[in-house]
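Just below is one structure, and these are the notes that go with it.
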Amino acid sequence: MKFIDEYRDPVAAGHCLDAIRRLVTRPWTLMEVCGGQTHAIVRFGIDEMLPSGVTLLHGPGCPVCVTPLEKIDRAIALASRPDVIFCSFGDMLRVPGTDRDLLSVKASGGDVRIVYSPLDALKVATANPDKQVVFFAVGFETTAPGNAMAVFQARRAGIPNFTVLVSHVLVPPALEAILGSPKCRVQAFLAAGHVCAVMGYAEYLPIAAKYKVPIVVTGFEPLDILQGIYLCLKQLEEGRAEVENQYTRVVSKQGNRPAQALVADVFTVVPRAWRGIGEIPRSGLGLSDAYADFDAEQRFDLSAVGPRPEPAECIAGLILQGLRMPHECTAFGGRCTPEHPLGATMVSSEGACAAYFRHRRVAGGQAATL
Ligand code: SF4
(Lines give C-alpha, C1' and ligand atoms only; values in the text may rest on other atoms or scores of the structure.)
Protein backbone atom coordinates (compact mmCIF):
# COMPACT_ATOMS: atom_id res chain seq x y z
CA MET A 1 0.00 0.00 0.00
CA LYS A 2 1.53 3.28 -1.07
CA PHE A 3 2.47 5.58 1.80
CA ILE A 4 1.83 2.95 4.48
CA ASP A 5 4.04 -0.06 3.73
CA GLU A 6 6.99 2.19 2.94
CA TYR A 7 6.91 3.49 6.49
CA ARG A 8 6.68 0.00 8.02
CA ASP A 9 9.57 -1.56 6.11
CA PRO A 10 11.38 -3.82 8.61
CA VAL A 11 14.72 -3.59 6.79
CA ALA A 12 14.68 0.20 6.87
CA ALA A 13 13.56 0.08 10.52
CA GLY A 14 16.54 -2.17 11.29
CA HIS A 15 18.92 0.32 9.66
CA CYS A 16 17.37 3.13 11.70
CA LEU A 17 17.72 1.14 14.92
CA ASP A 18 21.35 0.38 14.11
CA ALA A 19 21.98 4.10 13.63
CA ILE A 20 20.34 4.83 16.97
CA ARG A 21 22.47 2.18 18.71
CA ARG A 22 25.68 3.62 17.19
CA LEU A 23 24.66 7.12 18.25
CA VAL A 24 23.73 6.68 21.90
CA THR A 25 26.42 6.99 24.57
CA ARG A 26 24.31 7.56 27.70
CA PRO A 27 20.72 7.33 29.03
CA TRP A 28 18.13 9.73 27.63
CA THR A 29 14.44 10.25 28.31
CA LEU A 30 12.11 11.32 25.50
CA MET A 31 8.38 11.96 25.44
CA GLU A 32 6.08 11.39 22.49
CA VAL A 33 3.34 13.97 22.77
CA CYS A 34 0.53 12.30 20.86
CA GLY A 35 -1.53 9.31 21.91
CA GLY A 36 -1.53 8.11 18.30
CA GLN A 37 2.25 7.92 18.50
CA THR A 38 1.99 6.10 21.83
CA HIS A 39 -0.21 3.44 20.27
CA ALA A 40 2.18 2.99 17.33
CA ILE A 41 5.15 2.74 19.70
CA VAL A 42 3.51 0.13 21.91
CA ARG A 43 1.87 -1.75 19.05
CA PHE A 44 5.11 -2.14 17.11
CA GLY A 45 7.28 -2.56 20.22
CA ILE A 46 9.47 0.40 19.27
CA ASP A 47 10.28 1.29 22.88
CA GLU A 48 11.44 -2.27 23.54
CA MET A 49 13.84 -2.19 20.56
CA LEU A 50 15.67 0.93 21.67
CA PRO A 51 19.01 0.72 23.47
CA SER A 52 18.63 0.23 27.22
CA GLY A 53 18.73 3.62 28.83
CA VAL A 54 16.65 5.30 26.14
CA THR A 55 13.22 5.73 27.70
CA LEU A 56 10.01 6.84 26.03
CA LEU A 57 7.44 8.53 28.25
CA HIS A 58 3.86 8.88 27.06
CA GLY A 59 2.56 12.42 26.85
CA PRO A 60 -0.74 14.27 27.25
CA GLY A 61 -1.74 14.25 23.58
CA CYS A 62 -4.91 12.22 23.88
CA PRO A 63 -7.84 14.63 23.61
CA VAL A 64 -10.36 12.20 25.03
CA CYS A 65 -8.09 11.53 28.02
CA VAL A 66 -7.59 15.16 28.98
CA THR A 67 -11.22 16.30 28.62
CA PRO A 68 -12.01 17.18 32.24
CA LEU A 69 -14.44 15.15 34.28
CA GLU A 70 -16.64 18.21 34.78
CA LYS A 71 -17.01 18.57 31.00
CA ILE A 72 -17.98 14.89 30.65
CA ASP A 73 -20.56 15.36 33.41
CA ARG A 74 -21.90 18.42 31.58
CA ALA A 75 -22.12 16.42 28.36
CA ILE A 76 -24.07 13.75 30.23
CA ALA A 77 -26.39 16.38 31.75
CA LEU A 78 -27.09 17.82 28.30
CA ALA A 79 -27.56 14.43 26.66
CA SER A 80 -30.07 13.50 29.38
CA ARG A 81 -32.38 16.38 28.50
CA PRO A 82 -35.46 15.35 26.48
CA ASP A 83 -35.20 18.44 24.28
CA VAL A 84 -31.58 17.74 23.25
CA ILE A 85 -29.98 15.62 20.54
CA PHE A 86 -26.38 15.20 21.68
CA CYS A 87 -23.84 14.55 18.90
CA SER A 88 -20.32 13.34 19.54
CA PHE A 89 -17.43 11.45 18.05
CA GLY A 90 -17.78 7.82 19.10
CA ASP A 91 -14.73 7.66 21.34
CA MET A 92 -16.31 10.03 23.88
CA LEU A 93 -19.25 7.73 24.59
CA ARG A 94 -17.37 5.30 26.86
CA VAL A 95 -15.42 7.94 28.78
CA PRO A 96 -16.47 7.64 32.42
CA GLY A 97 -18.10 10.64 34.04
CA THR A 98 -18.61 10.82 37.77
CA ASP A 99 -21.56 8.41 37.82
CA ARG A 100 -22.10 7.19 34.26
CA ASP A 101 -21.05 7.68 30.64
CA LEU A 102 -22.77 8.91 27.49
CA LEU A 103 -23.36 5.37 26.30
CA SER A 104 -25.45 4.63 29.39
CA VAL A 105 -27.45 7.81 28.72
CA LYS A 106 -28.10 6.53 25.21
CA ALA A 107 -29.04 3.09 26.57
CA SER A 108 -31.58 4.67 28.90
CA GLY A 109 -33.29 6.57 26.09
CA GLY A 110 -31.23 9.72 25.62
CA ASP A 111 -30.85 10.86 22.02
CA VAL A 112 -27.07 10.50 21.73
CA ARG A 113 -25.77 10.23 18.18
CA ILE A 114 -22.31 9.34 16.90
CA VAL A 115 -21.17 11.61 14.09
CA TYR A 116 -18.01 11.52 12.01
CA SER A 117 -17.84 15.26 11.41
CA PRO A 118 -19.18 18.33 13.22
CA LEU A 119 -20.85 19.22 9.93
CA ASP A 120 -22.95 16.06 10.32
CA ALA A 121 -24.21 17.50 13.60
CA LEU A 122 -25.24 20.62 11.70
CA LYS A 123 -27.28 18.44 9.34
CA VAL A 124 -28.96 16.84 12.36
CA ALA A 125 -29.85 20.33 13.60
CA THR A 126 -31.30 21.31 10.24
CA ALA A 127 -33.36 18.14 10.08
CA ASN A 128 -34.69 18.51 13.64
CA PRO A 129 -35.71 22.15 14.10
CA ASP A 130 -37.87 21.29 17.11
CA LYS A 131 -34.86 19.97 19.04
CA GLN A 132 -31.69 21.54 20.40
CA VAL A 133 -28.63 19.88 18.86
CA VAL A 134 -25.39 20.00 20.85
CA PHE A 135 -22.06 18.88 19.41
CA PHE A 136 -19.25 17.86 21.77
CA ALA A 137 -16.31 19.86 20.39
CA VAL A 138 -13.21 18.25 21.89
CA GLY A 139 -9.67 17.82 20.70
CA PHE A 140 -6.39 19.55 20.02
CA GLU A 141 -5.50 21.96 17.24
CA THR A 142 -6.22 19.15 14.76
CA THR A 143 -9.98 19.12 15.25
CA ALA A 144 -10.39 22.83 15.98
CA PRO A 145 -10.66 23.93 12.31
CA GLY A 146 -13.48 21.47 11.56
CA ASN A 147 -15.34 22.44 14.69
CA ALA A 148 -14.80 26.12 13.93
CA MET A 149 -16.20 25.55 10.44
CA ALA A 150 -19.37 24.01 11.88
CA VAL A 151 -19.98 27.01 14.13
CA PHE A 152 -19.11 29.42 11.30
CA GLN A 153 -21.58 27.69 9.00
CA ALA A 154 -24.27 27.58 11.69
CA ARG A 155 -24.05 31.34 12.07
CA ARG A 156 -23.92 31.99 8.34
CA ALA A 157 -26.92 29.72 7.70
CA GLY A 158 -28.81 31.05 10.72
CA ILE A 159 -29.31 27.66 12.36
CA PRO A 160 -30.71 28.61 15.77
CA ASN A 161 -30.91 25.17 17.40
CA PHE A 162 -27.20 24.29 17.15
CA THR A 163 -24.63 24.76 19.92
CA VAL A 164 -21.26 23.26 20.85
CA LEU A 165 -19.93 22.08 24.19
CA VAL A 166 -16.30 23.14 23.82
CA SER A 167 -13.33 21.45 25.44
CA HIS A 168 -10.49 22.22 23.06
CA VAL A 169 -6.91 22.04 24.29
CA LEU A 170 -3.60 23.33 22.93
CA VAL A 171 -0.29 21.47 22.82
CA PRO A 172 2.39 24.14 23.44
CA PRO A 173 1.09 25.25 26.88
CA ALA A 174 0.95 21.59 27.95
CA LEU A 175 4.59 21.11 26.95
CA GLU A 176 5.51 24.17 28.98
CA ALA A 177 3.57 22.86 31.98
CA ILE A 178 5.46 19.55 31.79
CA LEU A 179 8.83 21.24 31.33
CA GLY A 180 8.14 23.69 34.15
CA SER A 181 7.46 20.98 36.70
CA PRO A 182 10.28 20.25 39.15
CA LYS A 183 9.55 16.55 38.58
CA CYS A 184 10.06 16.78 34.82
CA ARG A 185 12.20 13.98 33.37
CA VAL A 186 11.67 14.83 29.71
CA GLN A 187 14.83 15.75 27.79
CA ALA A 188 13.32 15.87 24.28
CA PHE A 189 9.89 15.78 22.64
CA LEU A 190 8.47 14.06 19.61
CA ALA A 191 5.88 16.69 18.68
CA ALA A 192 2.59 15.60 17.11
CA GLY A 193 2.78 15.83 13.33
CA HIS A 194 -0.93 16.32 12.70
CA VAL A 195 -1.15 19.23 15.15
CA CYS A 196 1.77 20.87 13.35
CA ALA A 197 0.13 20.21 9.98
CA VAL A 198 -2.48 22.75 11.10
CA MET A 199 -0.42 25.07 13.27
CA GLY A 200 3.08 24.77 11.79
CA TYR A 201 5.95 24.56 14.22
CA ALA A 202 7.08 28.16 14.74
CA GLU A 203 5.42 28.27 18.16
CA TYR A 204 7.76 25.51 19.37
CA LEU A 205 10.90 27.54 18.68
CA PRO A 206 10.73 29.66 21.88
CA ILE A 207 9.94 26.55 23.96
CA ALA A 208 13.00 24.71 22.66
CA ALA A 209 15.14 27.75 23.32
CA LYS A 210 13.75 28.56 26.78
CA TYR A 211 13.92 25.03 28.19
CA LYS A 212 16.89 23.87 26.09
CA VAL A 213 14.96 20.85 24.89
CA PRO A 214 15.02 19.35 21.39
CA ILE A 215 11.59 19.15 19.74
CA VAL A 216 11.19 17.05 16.61
CA VAL A 217 7.92 17.21 14.68
CA THR A 218 7.20 13.54 14.02
CA GLY A 219 4.72 11.42 12.10
CA PHE A 220 2.89 8.31 13.16
CA GLU A 221 4.26 5.34 11.25
CA PRO A 222 7.07 3.22 12.73
CA LEU A 223 9.77 4.69 10.49
CA ASP A 224 8.56 8.22 11.23
CA ILE A 225 8.84 7.56 14.93
CA LEU A 226 12.23 5.87 14.71
CA GLN A 227 13.56 8.75 12.65
CA GLY A 228 12.07 11.26 15.12
CA ILE A 229 13.76 9.41 17.97
CA TYR A 230 17.06 9.40 16.06
CA LEU A 231 16.87 13.15 15.44
CA CYS A 232 16.06 13.83 19.12
CA LEU A 233 18.94 11.64 20.30
CA LYS A 234 21.35 13.21 17.81
CA GLN A 235 20.55 16.65 19.15
CA LEU A 236 20.93 15.47 22.73
CA GLU A 237 24.26 13.76 22.04
CA GLU A 238 25.54 16.89 20.25
CA GLY A 239 24.27 19.27 22.94
CA ARG A 240 21.78 21.00 20.64
CA ALA A 241 18.19 22.02 21.46
CA GLU A 242 16.39 22.90 18.24
CA VAL A 243 13.10 22.34 16.49
CA GLU A 244 13.39 19.90 13.60
CA ASN A 245 10.78 18.60 11.21
CA GLN A 246 10.82 14.86 10.51
CA TYR A 247 7.30 14.97 9.01
CA THR A 248 8.20 17.10 6.00
CA ARG A 249 5.79 15.28 3.72
CA VAL A 250 2.92 16.83 5.70
CA VAL A 251 4.17 19.69 7.88
CA SER A 252 5.49 23.13 6.97
CA LYS A 253 6.79 25.77 9.34
CA GLN A 254 3.81 28.06 8.79
CA GLY A 255 1.12 25.35 8.81
CA ASN A 256 -2.33 25.79 7.31
CA ARG A 257 -2.95 29.53 7.36
CA PRO A 258 -6.64 29.48 6.27
CA ALA A 259 -7.41 26.93 9.00
CA GLN A 260 -5.57 29.03 11.57
CA ALA A 261 -7.51 32.14 10.50
CA LEU A 262 -10.84 30.34 10.86
CA VAL A 263 -9.90 29.04 14.32
CA ALA A 264 -8.77 32.52 15.38
CA ASP A 265 -12.09 33.97 14.22
CA VAL A 266 -14.38 31.46 15.92
CA PHE A 267 -12.35 30.65 19.04
CA THR A 268 -10.36 32.55 21.63
CA VAL A 269 -7.60 31.29 23.91
CA VAL A 270 -8.81 30.48 27.42
CA PRO A 271 -7.50 28.73 30.54
CA ARG A 272 -8.42 25.05 30.41
CA ALA A 273 -8.58 22.28 33.01
CA TRP A 274 -6.92 19.05 31.85
CA ARG A 275 -8.30 15.84 33.29
CA GLY A 276 -6.04 14.53 36.06
CA ILE A 277 -3.60 17.39 35.58
CA GLY A 278 -5.47 20.55 36.53
CA GLU A 279 -5.83 23.96 34.99
CA ILE A 280 -3.13 25.18 32.60
CA PRO A 281 -3.21 28.89 31.70
CA ARG A 282 -3.99 29.76 28.07
CA SER A 283 -4.14 26.06 27.18
CA GLY A 284 -7.61 25.86 25.65
CA LEU A 285 -9.97 27.32 23.12
CA GLY A 286 -13.42 28.68 23.90
CA LEU A 287 -15.88 30.40 21.59
CA SER A 288 -15.06 34.04 20.89
CA ASP A 289 -17.59 36.72 21.80
CA ALA A 290 -18.82 36.89 18.21
CA TYR A 291 -19.93 33.24 18.40
CA ALA A 292 -21.03 33.11 22.05
CA ASP A 293 -24.63 32.38 20.97
CA PHE A 294 -23.43 28.92 19.94
CA ASP A 295 -21.98 28.06 23.34
CA ALA A 296 -24.01 25.27 24.96
CA GLU A 297 -22.72 26.29 28.38
CA GLN A 298 -24.36 29.68 27.90
CA ARG A 299 -27.59 28.45 26.33
CA PHE A 300 -28.28 25.82 29.00
CA ASP A 301 -28.08 26.18 32.76
CA LEU A 302 -25.32 23.76 33.76
CA SER A 303 -24.40 25.50 37.00
CA ALA A 304 -25.34 22.39 39.01
CA VAL A 305 -22.51 20.45 37.35
CA GLY A 306 -19.26 21.63 38.91
CA PRO A 307 -15.75 20.22 39.36
CA ARG A 308 -15.67 16.66 40.70
CA PRO A 309 -12.80 14.61 42.15
CA GLU A 310 -11.25 11.83 40.05
CA PRO A 311 -11.42 8.20 41.24
CA ALA A 312 -8.70 8.00 43.89
CA GLU A 313 -6.83 5.04 42.43
CA CYS A 314 -6.65 6.39 38.86
CA ILE A 315 -3.18 7.79 38.17
CA ALA A 316 -3.94 8.83 34.58
CA GLY A 317 -2.92 12.41 35.31
CA LEU A 318 0.56 11.24 36.33
CA ILE A 319 0.77 9.01 33.24
CA LEU A 320 -0.17 11.90 30.95
CA GLN A 321 2.65 13.97 32.47
CA GLY A 322 5.20 11.20 32.00
CA LEU A 323 5.56 10.64 35.73
CA ARG A 324 4.18 7.08 35.82
CA MET A 325 3.59 4.26 33.34
CA PRO A 326 0.21 2.54 32.79
CA HIS A 327 1.21 -0.83 34.25
CA GLU A 328 2.30 0.93 37.44
CA CYS A 329 -1.35 1.64 38.24
CA THR A 330 -2.66 -0.88 40.76
CA ALA A 331 -6.01 -0.99 38.98
CA PHE A 332 -4.52 -1.72 35.53
CA GLY A 333 -5.97 -4.84 33.94
CA GLY A 334 -7.92 -5.72 37.07
CA ARG A 335 -10.42 -3.21 38.35
CA CYS A 336 -9.74 -1.09 35.24
CA THR A 337 -10.13 -2.58 31.77
CA PRO A 338 -11.46 -1.21 28.47
CA GLU A 339 -14.81 -2.88 29.27
CA HIS A 340 -14.93 -1.33 32.74
CA PRO A 341 -12.67 1.74 32.64
CA LEU A 342 -11.97 3.83 35.71
CA GLY A 343 -10.15 6.49 33.71
CA ALA A 344 -10.28 7.89 30.19
CA THR A 345 -6.79 6.66 29.31
CA MET A 346 -8.13 3.09 29.42
CA VAL A 347 -11.05 3.73 27.08
CA SER A 348 -9.69 6.13 24.48
CA SER A 349 -8.25 4.76 21.25
CA GLU A 350 -5.33 7.09 21.91
CA GLY A 351 -5.01 6.40 25.65
CA ALA A 352 -1.76 5.01 27.01
CA CYS A 353 -3.50 2.55 29.36
CA ALA A 354 -5.56 1.20 26.47
CA ALA A 355 -2.38 0.82 24.38
CA TYR A 356 -0.67 -1.21 27.10
CA PHE A 357 -3.75 -3.32 27.71
CA ARG A 358 -4.27 -4.03 24.04
CA HIS A 359 -0.73 -4.56 22.85
CA ARG A 360 1.51 -5.22 25.83
CA ARG A 361 -0.77 -7.14 28.13
CA VAL A 362 0.93 -6.53 31.40
CA ALA A 363 -0.81 -6.21 34.72
CA GLY A 364 1.15 -5.34 37.82
CA GLY A 365 4.31 -6.33 35.96
CA GLN A 366 2.94 -9.79 35.15
CA ALA A 367 1.83 -11.09 31.79
CA ALA A 368 -1.92 -10.75 31.68
CA THR A 369 -4.42 -12.91 29.87
CA LEU A 370 -7.31 -11.34 28.04
S1 SF4 B 1 -5.28 1.75 34.41
FE2 SF4 B 1 -7.29 2.74 34.66
S3 SF4 B 1 -7.31 3.48 36.76
FE4 SF4 B 1 -5.18 3.10 36.20
S5 SF4 B 1 -4.40 5.02 35.40
FE6 SF4 B 1 -5.13 3.86 33.65
S7 SF4 B 1 -7.25 4.57 33.38
FE8 SF4 B 1 -6.65 5.18 35.46
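The values are calculated or read from the model by the stated rules, or taken from the named source; none is laboratory data. Source: prediction; values computed, not measured. Note that we place each Cβ from the backbone using ideal geometry, even for glycine, and neighbour counts take in every protein chain shown. Accessible surface areas use protein heavy atoms only, side chains included; no ligands, DNA or RNA. Shrake-Rupley method; radii C 1.70, N 1.55, O 1.52, S 1.80 Å.
For region 195-252, just say rounded, prolate or oblate: build the C-alpha gyration tensor, square-root its eigenvalues into a ≥ b ≥ c, call rounded for a/c under 1.5, and beyond that prolate if a/b exceeds b/c, oblate if not.
On the way: a/c = 2.77, a/b = 1.15, b/c = 2.42.
Cα axes put region 195-252 in the oblate bin.
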task: Please compute the Cα-Cα pair-distance distribution of the chain with 20 Å bins starting at 0, giving whole percents from short to long.
output: 29, 57, 14, 0
statement: For I4, the accessible surface traced by a 1.4 Å probe with all protein chains present amounts, in square angstrom to the nearest 10, to 50
- prompt: Given A177, A75, G14, which one lies farthest toward the positive end of the charge dipole of the chain, if we put +1 on the Cβ of every Lys and Arg and -1 on the Cβ of every Asp and Glu?
  reply: G14
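Put Y230, Y204 in order of accessible area, largest first, 1.4 Å probe: what do you get?
Values: Y230 60, Y204 0 Å².
Per-residue accessible area, sorted high to low, gives Y230, Y204.
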message: How would region 78-159 be classified by its alpha-carbon gyration tensor: rounded, prolate or oblate, with rounded meaning a/c under 1.5 and the a/b versus b/c comparison settling the rest?
response: oblate
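Averaged across orientations, what area in nm² does the convex hull of the alpha carbons in region 218-284 project? Please list the in-between numbers first.
Working: hull surface 27.5 nm².
Result: 6.9 nm².
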field: Dipole of the chain [Lys/Arg +1, Asp/Glu -1 at C-beta], most positive-end residue of Q153, S252, F189
entry: F189
- line: Rounded to the nearest Å, the spacing of the alpha-carbon centers of region 26-94 and region 277-313 is 19
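How high is the relative contact order of region 188-345, in percent, with contacts defined as C-alpha pairs under 8 Å that are six or more residues apart? If you can, show how the numbers build up before the last one.
Working: 206 pairs, mean separation 27.2, N = 158.
For region 188-345, the relative contact order is 17 percent.
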message: Report for the chain the percent antiparallel among DSSP-assigned beta bridges with both residues inside it, nearest 5.
response: 25
message: In the chain, if the dipole is taken from +1 on Lys/Arg beta carbons and -1 on Asp/Glu beta carbons about the Cα centre, which of H327, V270, V95 is farthest to the positive end?
response: H327
statement: Placing one equal point scatterer on each C-alpha of region 66-117 and summing with Debye, one gets log10 I(q)/I(0) at q = 0.17, 0.23, 0.26, 0.31 Å⁻¹ equal to -0.42, -0.78, -1.00, -1.35
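In what sequence, largest accessible area first, do K131, K71, K212 appear using a 1.4 Å probe?
Numbers: K131 60, K71 20, K212 155 Å².
Order by accessible area, largest first: K212, K131, K71.
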- request: State whether region 221-367 is rounded, prolate or oblate according to the following rule on the C-alpha gyration tensor (a ≥ b ≥ c being the square roots of its eigenvalues): a/c under 1.5 gives rounded; otherwise a/b larger than b/c gives prolate, and the remaining case gives oblate.
  value: oblate
message: Nothing charged except the Cβ atoms of Lys and Arg (+1) and of Asp and Glu (-1): what's the magnitude of the dipole of the chain about its Cα centre? Round to the nearest 20 debye.
response: 320
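Please report, in debye to the nearest 20, how large the charge dipole of region 146-246 is about its Cα centre when each Lys and Arg carries +1 at its beta carbon and each Asp and Glu carries -1 there.
Working: 8 positive and 8 negative charges, 80 e Å.
It comes to approximately 380 debye.
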field: Rh (Kirkwood; distinct C-alpha pairs) - region 1-159, Å
entry: 18.8
- line: Largest-first ranking of M149, M325 by accessible area, probe 1.4 Å, whole protein assembly kept, is M149, M325
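Past 29 Å, Cα to Cα, is the threshold; run K183/K234; K71/K131; K183/K253; K212/K253 against it and keep the listed order.
Numbers: K183/K234 24 Å; K71/K131 22 Å; K183/K253 31 Å; K212/K253 20 Å.
From K183/K234; K71/K131; K183/K253; K212/K253, over 29 Å: K183/K253.
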query: Which whole-number percent of Cα pairs in region 153-305 have a distance greater than 26 Å?
result: 38
- line: Per-residue ellipticity at 222 nm attributable to helices in the chain (runs of n ≥ 4 DSSP H, -39500 (n - 2.57) apiece, nearest 500 deg cm²/dmol) works out to -10500 deg cm²/dmol
message: Using a 4.7 Å cut-off between beta carbons, which cysteines in the chain end up with no partner cysteine at all?
response: C16, C34, C87, C184, C196, C232, C314, C329, C336, C353
query: Taking amide H positions as placed 1.01 Å from N in the peptide plane, with prolines and chain starts having none, which residues 5 or more places from C87, or on another chain, fall under 5 Å of its amide H?
result: R113, V134, F135, F136
